[in-house]
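Heads up: the structure comes next, in structure tokens.
The values are calculated or read from the model by the stated rules, or taken from the named source; none is laboratory data. Source: prediction; values computed, not measured. Don't worry about glycine lacking a Cβ; one is built from the backbone with ideal geometry, like all the others, and counts go over all protein chains shown. With ligands, DNA and RNA removed, areas are computed over all heavy atoms of the protein, side chains included. Shrake-Rupley method; radii C 1.70, N 1.55, O 1.52, S 1.80 Å.
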Amino acid sequence: MRKWILLLWLFLFADAQLLGDLRERTSLDVLQEAGIPRESFQEAGISREDALLYIDFWEDLEYFPLAFPREGAETFSFEDGWHDKRSYGGERFHEGCDIFGSQNLTGYYPVVSITDGWVEQVGWLPLGGWRIGVRSHGGGYFYYAHLSSYGRDFQKGDPVKAGELLGFLGDSGYGPEGTTGMFAPHLHLGIYVETKENPEYALNPYPVLQFLQEKQKIFSY
């Protein structure tokens, strides 16, 4: 009897493993068909369930969020800082990627919209400083934080075009309105989608930034 139970258990385990492998291959095929570089997702350790959540807004992606100068060389650096620990405002995880310019300057680098869409949030947040949130037509919410200033007087509901100037990279945040200088100037980019369980489900922006590195808006500055 024990022998048959063991054989049944091995069969069920092997069947479940086969089903899991099949689902994994199917998910990766869906990503590839959507033009998504699945290797970036695998490298970042993103689950297949989360990876599929990028598909609806992937075609919206047009520009890297920091504009490059028309003349001269510029290097923007970013790392996969997803879920790094943060302590300001209590213990929490970092829900985004930080992008730095080669010069440690605030108010210098133009921040542009990655997508077409509309302004869903704008103004001050203690954590994000001067921030703006743009919802793309595919449902992705793109959160640009720590700005030094805005490109214009944005209001909720305003339409936004991909490549439009949103503001300038800065070091605002981590305090009451107007706080600056608490950290090095950088752009914090967050990406959120709505799911059945969570209206603000955070996704790792790292593979999006990797994909957009060669899609640069050129400004004169």
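THR75 fulfils the conditions (1) at pLDDT below 85; (2) more than 18 Å from ASN204 (Cα to Cα) except for a single criterion, (1).
Selection of segment 116-133 for residues being open to solvent by 10 Å² or more (accessible area, probe 1.4 Å) and either over 15 Å from LEU166 (Cβ atoms) or in a strand (DSSP E or B) (or both) yields TRP118, GLU120, GLN121, VAL122, GLY123, TRP124, LEU125, PRO126, LEU127, TRP130, ARG131.
Applying the condition of being of a type outside the set (S, T, N, Q) and open to solvent by 80 Å² or more (accessible area, probe 1.4 Å) to segment 66-87 and asking which residue is nearest to LYS161 (Cα to Cα) yields ARG70. Of the residues making up segment 21-51, those that are modelled with pLDDT under 85, aliphatic (A, V, I, L, M), buried (at least 16 other Cβ atoms within 10 Å of the Cβ) and not in a loop (DSSP other than H, G, I, E, B) are LEU28, LEU31. Quick check: is even one residue across segment 107-115 of a type in the set (S, T, N, Q), buried (at least 18 other Cβ atoms within 10 Å of the Cβ) and either modelled with pLDDT of 95 or more or closer than 20 Å to GLU164 by Cα (or both)? Among the residues of segment 107-115, at least one is of a type in the set (S, T, N, Q), buried (at least 18 other Cβ atoms within 10 Å of the Cβ) and either modelled with pLDDT of 95 or more or closer than 20 Å to GLU164 by Cα (or both), which makes the answer yes.
Applying a threshold of 6 Å to beta carbon distances and a minimum spacing of six or more residues, or different chains, the list of pairs starting in segment 52-65 at a residue that is in contact (Cβ under 8 Å) with a residue 40 or more places away in the chain and open to solvent by 10 Å² or more (accessible area, probe 1.4 Å) and ending at one that is β-branched (Val, Ile, Thr) and not in a loop (DSSP other than H, G, I, E, B) reads LEU53/VAL193; TYR63/VAL112.
Among the residues of segment 134-149, those that are crowded, with 18+ Cβ neighbours inside 10 Å and either in contact (Cβ under 8 Å) with a residue 40 or more places away in the chain or more than 20 Å from PRO199 (Cα to Cα) (or both) comprise SER136, GLY140, TYR141, PHE142, TYR143, TYR144, ALA145, HIS146, LEU147, SER148. Residues in segment 90-99 that are open to solvent by 60 Å² or more (accessible area, probe 1.4 Å) and without any contact (Cβ under 8 Å) to a residue 40 or more places away in the chain were compared, and the one that is nearest to the chain's Cα centre (by Cα) is PHE93.
Conditions tested, residue by residue: (1) closer than 17 Å to GLN210 by Cα; (2) touching a Ser or Thr at 6+ places or on another chain (Cβ under 9 Å); (3) small (Gly, Ala, Ser).
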position	(1), (2), (3)
ARG48	no, yes, no
GLU59	yes, no, no
SER77	yes, yes, yes
GLY81	yes, no, yes
CYS97	yes, no, no
GLN103	no, no, no
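Mind listing just one residue for me: the one in segment 189-221 that is open to solvent by 20 Å² or more (accessible area, probe 1.4 Å) and in a strand (DSSP E or B) and, of those, farthest from PHE76 (Cα to Cα)? The selected residue is TYR201. Among the residues here, ILE218 qualifies as at pLDDT below 95 and touching a strand residue (DSSP E or B) at 6+ places or on another chain (Cβ under 9 Å). Taking segment 56-87 on its own, how many of its residues are touching a Leu at 6+ places or on another chain (Cβ under 7 Å) and either β-branched (Val, Ile, Thr) or in a loop (DSSP other than H, G, I, E, B) (or both)? So the count comes out to 5.
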